[in-house]
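Notes for the one structure printed next.
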Amino acid sequence: MFEYYVWIISFVFLYLSVFWIIVFYMKEKKTRKLEEYPSVSIIVPAYNEEKNIGKTLNSILSLDYPVDKLKIIVVDDCSSDNTAEVVKEFDNVKLVQRKERGGNAAVSMNTGLKYVDTDLFARVDADSRVSRDSFKKLVDHFSDKKVGSVISSILVDEPKSSLEKMQKFEYIITNFTRKLMSKIRVLNITNGVLSAYKTNLVKKLGGFDEKNLTEDFEIALRIIRKGYDVVMEPSSLNYTHVPRKFSDFWKQRVRWYRGFITSMIKHKSLLFNKNYGILGLFLFPVSVLSMFLVLFSFVMLIYRLFDVVYDWSYKLITLGTDIFSIPEIPDVGEFILSIDVRIYIPVFISLVFGFYVYLKAHKYYNEKRIYSIVTIIYLFFYPIITSVQWFHALILEMGGAKRKW
Amino acid sequence: MVKKVRKDIFITALIIVVGLLLFGFYVGKIWDDLRTDNVAGDLNENSLDILSILINEEFFESFNTYDCDLIDKRLSSMSLDLYKVGQRLSEYDRKKLFEKDEYMFLKTKYFLLELRTYFNFLDFKKECDSNQTIILFFYDIGDLDSERQGYVLDNFVKREDINIRVFSIDREHNETTIDLIKNYYKVSKSPTIIINNEIKKEGFVDVAELIEILENGNM
């Protein structure tokens, strides 16, 4: 049974890798430049960000963009620290202080949206840093009337711990995949680090979904359903802090996966819907299938663990401590022949193609450190952790656990 | 508004993936061939050894002599080789992708060689009054008790303080000679072990019980 599981996983993984490699080598349509820069409001939702918000605002104020066309709105969601005081030190920044705690970024974004009177607005999270030329690169995409939102590349800001470095690799792959999705106009997510939206469109859509744990994903789905595209400007590089502690990382991921589940249920009519082209007929079904495969991986992981423990227990009961004797070392020929090719060949082929995508992604983002131990841990252990997090998210959603940020 | 689907991307990806998977199956086929060739080569060598031992024994019989040391060395070395081939064969059989008939043929050959060596050992034990313990072990694939019995016997083979030879036969393997032996020993369930052609034990025999049998039998 295990080999069938490996074959299914390998087929899906391999197909996706090959699919994205083909897309990577496809010609890209050039973006037409806007004749003049549009006016933009940048909303910064903040809660207890006194340590980061200064840096964030400084980076926004240093943007290479006409000052008279840029409006900055910070929405403080009843911070208990000095976030508001730090913001007040900045001229040209409008501070909106919520009277009641909203509890999530969607509430703050909707609050900020009330003060937006520009053609476009953007979201920048309070723990992020935008690069000087990032915004100019984004806005040109709005020359295409069909574009409803433009997102940027997110890179991890100064990763130190192994966990942060692993997330850095993950973000690079994610950015690269999003770049490819954007190329064929099937991108279905916006992000909080720097995403720009058409103001009228989002207002017509009723703003951000305040009950959703991943409002940036959910709003993208509504933009798509309204007939607009979400695209990415990969050369617009922006930086964010990622969870340093494993417990924070776990919470964040479980929140994301719960958000994915609820958004997919809410927008299930997109599935197999030919009106949405590749997105409806392929990427959405594959996303849902991938979720089930990841969950199935968790079941297989438990099954394999149980199998090993059971086997060892049985040997232990049967033989006592004799099972700990040193096993005979086979010669090289015997070892090679004993390799279970039913499992390792599909895994090997998939890994080669996966690794090719991985290398291309790192090359694109000029990331040279690819051979470290962290990469190996990322490739082999991260998927295991992810499968457990998905399972945790599913259990919480099925159990109706309260959706908290 | 309906979005256009670029079917060419999907079809190209599918062709490439199917090509890669076919390549994978081809490598799997090569692997299976290499494995069966490897085991077949070893079994052929064992067949030659058996033939040589048989001629030795006929020679001794014709000239009314018997070289216990020589036969002991040759049989011991052969049974060890067979034991290793058997382990490899069962591992390869578990991991095979194709070659079902080839594996069946190799297993038949292996079991027959096991039985041949088993009878040689019994002759040797009688002729030379050897204290070696000879066990014929009948197992069923997928049977938990057979698996446990295998652990115990494997463990005994590896122990240096016990002089034991084990010959394993798949009880359900369809072969006339195996059926004949099964009928002779009245083997009806797995695991069954026949110790020195004298004691028959049905069901799982644990380490302590087996040691007791060996000690009581002064083996």
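Every read-out reported here was derived from the displayed coordinates using simple, explicitly stated rules and does not represent laboratory data. Small disclaimer: the values here were computed from a predicted structure and weren't measured. Ideal geometry is used to build each Cβ from the backbone, glycine not excepted, and the neighbour counts take in all protein chains shown.
Where only DSSP H runs of four or more residues are counted, chain A gives -16500 deg cm²/dmol as its mean residue ellipticity at 222 nm, each run worth -39500 (n - 2.57).
Cα centroid separation, segment B:15-77 to segment A:174-222: 65 Å. For segment B:119-133, putting each phi into the Karplus relation 6.51 cos²θ - 1.76 cosθ + 1.60 with θ = phi - 60° gives couplings of 5, 4, 5, 4, 4, 4, 4, 5, 5, 10, 6, 6, 8, 5, 9 Hz, in residue order, rounded to whole numbers and with x for Gly and Pro. Annotation: the antiparallel percentage among DSSP beta bridges lying fully within chain A is about 30. Separation between the residue B:160 and residue B:44 pseudo-spin-labels, each 7 Å from Cα along Cα→Cβ, expressed in nm? It is 3.6 nm. Note on B:23-31: average number of Cβ atoms from other chains within 10 Å of each residue's Cβ is 4. Here the alpha carbons of segment B:1-130 define both size measures, Rg and Dmax, at 25.0, 100 Å.
Arranged from fewest to most other beta-carbon atoms within 10 Å of their beta carbon, A:264, A:166 become A:264, A:166.
Applying the Karplus relation 6.51 cos²θ - 1.76 cosθ + 1.60 with θ = phi - 60° to segment B:50-65 yields 3J(HN,Hα) values of 4, 4, 4, 5, 4, 5, 3, 5, 5, 4, 4, 5, 5, 9, 6, 9 Hz, where x marks Gly and Pro.
Amide hydrogen proximity for residue A:195: with H placed 1.01 Å from N in the peptide plane, the residues at 5 or more positions away or on another chain lying under 5 Å are A:123. Spin-label model, residue B:176/residue B:10: points 7 Å from Cα along the beta carbon direction are separated by 5.8 nm.
By the Cβ rule of 4.7 Å, the protein assembly as shown holds the following cysteines without a possible disulfide partner: A:78.
Counting only Cα atoms, segment B:91-131 measures 46, 16, 6 Å along its principal axes, largest extent leading.
Modelled spin labels at residue B:189 and residue A:235, positioned 7 Å past Cα toward Cβ, are 7.9 nm from each other.
According to the calculation over all Cα-Cα pairs in chain B, the P(r) per 10 Å bin from zero is 7, 28, 30, 16, 7, 5, 4, 2, 1, 0 %.
Residue by residue along A:337-344, Cβ atoms of other protein chains within 10 Å of the local Cβ number 6 on average.
Taking every DSSP beta bridge that has both residues in segment B:132-219, what percent is antiparallel when rounded to the nearest 5?
55
The distance from the alpha carbon centre of segment B:121-147 to that of segment B:163-211 is 7 Å, rounded to a whole number. Counting other Cβ atoms within 10 Å as a rough exposure proxy, the listed residues A:161, A:10, B:130 run A:161, B:130, A:10 from fewest neighbours to most. Over the C-alpha trace of segment A:12-138, radius of gyration and Dmax come out as 18.0, 53 angstrom.
Kirkwood-based Rg over Rh for segment B:132-219 (C-alpha set), two decimals? Reported Rg/Rh (Cα atoms, Kirkwood Rh): 0.95.
Overall form of segment A:223-267: oblate. Here a/c, set by the Cα gyration tensor axes a ≥ b ≥ c, is 1.5 or more, and a/b is not larger than b/c. With the convex hull constructed from alpha-carbon coordinates only, the protein assembly as shown shows a mean projected area of 34.8 nm² over all directions. Per-residue mean of foreign Cβ neighbours for A:311-317 is 2 (Cβ atoms of other chains, 10 Å radius). Measuring between alpha carbons in the structure, the pairs from B:107/B:158; A:211/A:402; A:99/A:402 lying more than 19 angstrom apart are B:107/B:158; A:99/A:402.
Classify segment A:39-271: rounded, prolate or oblate, from the alpha-carbon gyration tensor (a ≥ b ≥ c, eigenvalue square roots; a/c under 1.5 rounded; otherwise prolate if a/b is larger than b/c)? Working shown, then result.
Numbers: a/c = 1.25, a/b = 1.10, b/c = 1.14.
Verdict is rounded for segment A:39-271.
When each of the peptides A:22-31, A:59-68 is scored by how many other beta carbons lie within 10 Å of its residues on average, the order from highest to lowest is A:59-68, A:22-31.
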